[in-house]
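Asker: First, the structure itself, so that you have it in front of you.
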Amino acid sequence: MSEAYDTLNALLRARHSCRAFKPEPVPEDTVARIVSAAAQTASWCNAQPWQVTVTRGAATERFRAALVEAATSDTPCPDLPWPEGFPGVYGERRRACGYQLYEAVGIARDDHTARAEQSMLNFHLFGAPHVAIVHSEAALGAYGAMDTGGFVSNFMLAAKALGVDTIAQASVAGHAPMIRAHFGLPESRMILCAISFGIGDADHPVNRFRTARADLSDILDPRD
């Protein structure tokens, strides 16, 4: 059992948010293996509310272009409301992550133009050859979204186990109406996030920083 734990722990520590990808596509059988593994995620009453719409080749390029256009002209309209704020330590962690990102790519904290350009790379899918649009049944609300969050995590772990890098993107889901129209998805599907994926460019400086993790004492509250 220790060996299985060590393998899982190594995957958890190796996975990171990749923000620069190589153009080579991921083989279709690899994509199928990733989704098949993530499909084993637990869900409330075994509802399994998750579905993924995955692009490749020309479909990725069409969506990338449509997403950039939406990001530059439309007001975000996410299906799942974004956080009201990031109070206390949550805001501190968010800022620390942003500062690490800007430092990695040589952007000064007061260079708002460069920061905006870096932010727009989200909508270019960071150059990834594939994107998975993750959606859940809207009628299941927050509980369907919570179950699907587990699917997202397991998708990324399965991808890493197969040598594929990923980044989950809530910002993309801010354009949910456009996404549904683009892919012909029904209104009953709630757009939760995107996962851009492919082979990461390990030589790109943006992929060299790693975020810190909270101490165990900040997470675990043991009671006798």
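The values are calculated or read from the model by the stated rules, or taken from the named source; none is laboratory data. Note that the coordinates shown come from a computational prediction; the quantities given were computed from them, not determined experimentally. Please note: Cβ atoms are built from the backbone with ideal geometry, for glycine as well, and neighbour counts cover all protein chains shown. Each accessible area value is taken on the protein alone, full model and side chains, heavy atoms only, with ligands, DNA and RNA left out. Shrake-Rupley method; radii C 1.70, N 1.55, O 1.52, S 1.80 Å.
Asker: Sequence gap at least 6, Cα distance under 8 Å: using those rules, report the relative contact order of the range 151-208 to the nearest whole percent.
Answerer: Relative contact order for the range 151-208 comes out at 38 percent.
Asker: Using the Cα gyration tensor of the range 28-84, with a ≥ b ≥ c the square roots of its eigenvalues, what is the shape: rounded (a/c below 1.5), prolate (a/b larger than b/c) or oblate (neither)?
Answerer: The shape class here is oblate.
Asker: Any idea what Rg and Dmax come out to for the range 104-150 if you just take the C-alpha atoms, in Å?
Answerer: Cα only, the range 104-150: 16.5, 44 Å (Rg, Dmax).
Asker: Additional query: From the backbone phi of the range 153-169, what are the Karplus-calculated ³J(HN,Hα) couplings (6.51 cos²θ - 1.76 cosθ + 1.60, θ = phi - 60°) in whole Hz, Gly and Pro given as x?
Answerer: 4, 5, 4, 5, 5, 4, 4, 4, 4, 9, x, 10, 9, 9, 8, 7, 10
Asker: Right, here's the next one. For CYS97, CYS45, CYS77, what's the largest-to-smallest order of accessible area, 1.4 Å probe?
Answerer: CYS45, CYS77, CYS97
Asker: Is there a quick way to get the dipole size of the chain? I mean about its Cα centre, with the Cβ of Lys and Arg at +1 and of Asp and Glu at -1; what is the value in debye to the nearest 20?
Answerer: Numbers: 20 positive and 25 negative charges, 44 e Å.
Using Cβ point charges on Lys, Arg, Asp and Glu, the chain gives about 220 debye.
Asker: OK, next. Across the range 14-26, in residue order, what do the Karplus-derived ³J(HN,Hα) couplings come to in whole Hz, using 6.51 cos²θ - 1.76 cosθ + 1.60 with θ = phi - 60° and x for Gly and Pro?
Answerer: Running phi through 6.51 cos²θ - 1.76 cosθ + 1.60 with θ = phi - 60° gives 7, 5, 8, 7, 7, 10, 7, 10, 7, x, 4, x, 8 Hz.
Asker: How long is the gain from ARG13 to MET120 if the chain were fully straight, where each residue apart is worth 0.36 nm and the alpha carbon distance is subtracted?
Answerer: 35.8 nm
Asker: In the range 1-133, how does Rg compare with the Kirkwood Rh, expressed as the Rg/Rh ratio over alpha carbon atoms?
Answerer: On the way: Rg = 18.2 Å, Rh = 18.3 Å.
We get a ratio of 0.99 for the range 1-133.
Asker: Would you please put 140-147, 161-168 in order of how densely packed they are, using the mean number of other Cβ atoms within 10 angstrom per residue and starting with the highest?
Answerer: Order by mean packing, descending: 161-168, 140-147.
Asker: Also: Please work out the Cα center distance from the range 115-171 to the range 33-83, rounded to the nearest Å.
Answerer: Their Cα centres are 6 Å away from one another.
Asker: Treating the beta-carbon of each Lys and Arg as +1 and of each Asp and Glu as -1, no other charges, what is the dipole magnitude of the range 119-224 about its Cα centre, to the nearest 20 debye?
Answerer: 240
Asker: Net charge near PHE86, counting Lys/Arg +1 and Asp/Glu -1 over other residues with Cβ under 13 Å of its Cβ?
Answerer: In short, +1.
Asker: From the phi angles alone, apply the Karplus equation (6.51, -1.76, 1.60; θ = phi - 60°) to the range 100-115 and give each ³J(HN,Hα) in whole Hz, x where the residue is Gly or Pro.
Answerer: Values per residue, Gly and Pro as x: 5, 4, 5, 5, 4, 9, x, 9, 5, 4, 9, 8, 5, 5, 5, 5 Hz.
Asker: Pull up all non-local amide H partners of HIS130: gap of 5 or more, or a different chain, and H-to-H distance under 5 Å with H placed in the peptide plane.
Answerer: Amide H to amide H, under 5 Å and 5 or more residues apart or across chains, HIS130 pairs with PHE197.
Asker: Using the Cα centre of the chain as origin and beta-carbon charges of +1 (Lys, Arg) and -1 (Asp, Glu), tell me which of ALA58, ILE167, SER136 is placed farthest towards the positive end of the dipole.
Answerer: With unit charges placed on the Cβ atoms, the residue in question is ALA58.
Asker: Find out how many positive minus negative residues lie around GLU137, taking Lys and Arg as positive, Asp and Glu as negative, among other residues whose Cβ is under 12 Å from that of GLU137. Display every interim value, and only then the final one.
Answerer: Working: positive: ARG189; negative: ASP79, ASP147, GLU187.
Charge balance near GLU137 sits at -2.
Asker: May I pose another question? For MET190, which sequence-distant residues (separation of 5 or more, or a different chain) have an amide H within less than 5 Å of its own amide H, given hydrogens modelled in the peptide plane?
Answerer: SER136, GLU137, ALA138
Asker: Here are several values of Cα extents along the principal axes in Å: (i) 55, 43, 38; (ii) 51, 46, 31; (iii) 65, 37, 27. Which one was derived from the coordinates shown?
Answerer: (i)
Asker: Now for a separate question. What distance in nm lies between label points placed 7 Å from Cα along the C-beta direction at CYS45 and ASP203?
Answerer: About 5.3 nm, to one decimal.
Asker: Another question about this same structure. Can you pull the accessible area of LYS22 for me, 1.4 Å probe, Å² to the nearest 10?
Answerer: 80
Asker: Continuing with the same structure: Using a 1.4 angstrom probe and counting only protein chains, how large is the accessible area of TYR5 in Å², to 10?
Answerer: The accessible area comes out at roughly 140 Å².
Asker: Express the relative contact order of the chain as a whole percentage, based on alpha carbon pairs under 8 Å and six or more residues apart in sequence.
Answerer: 37
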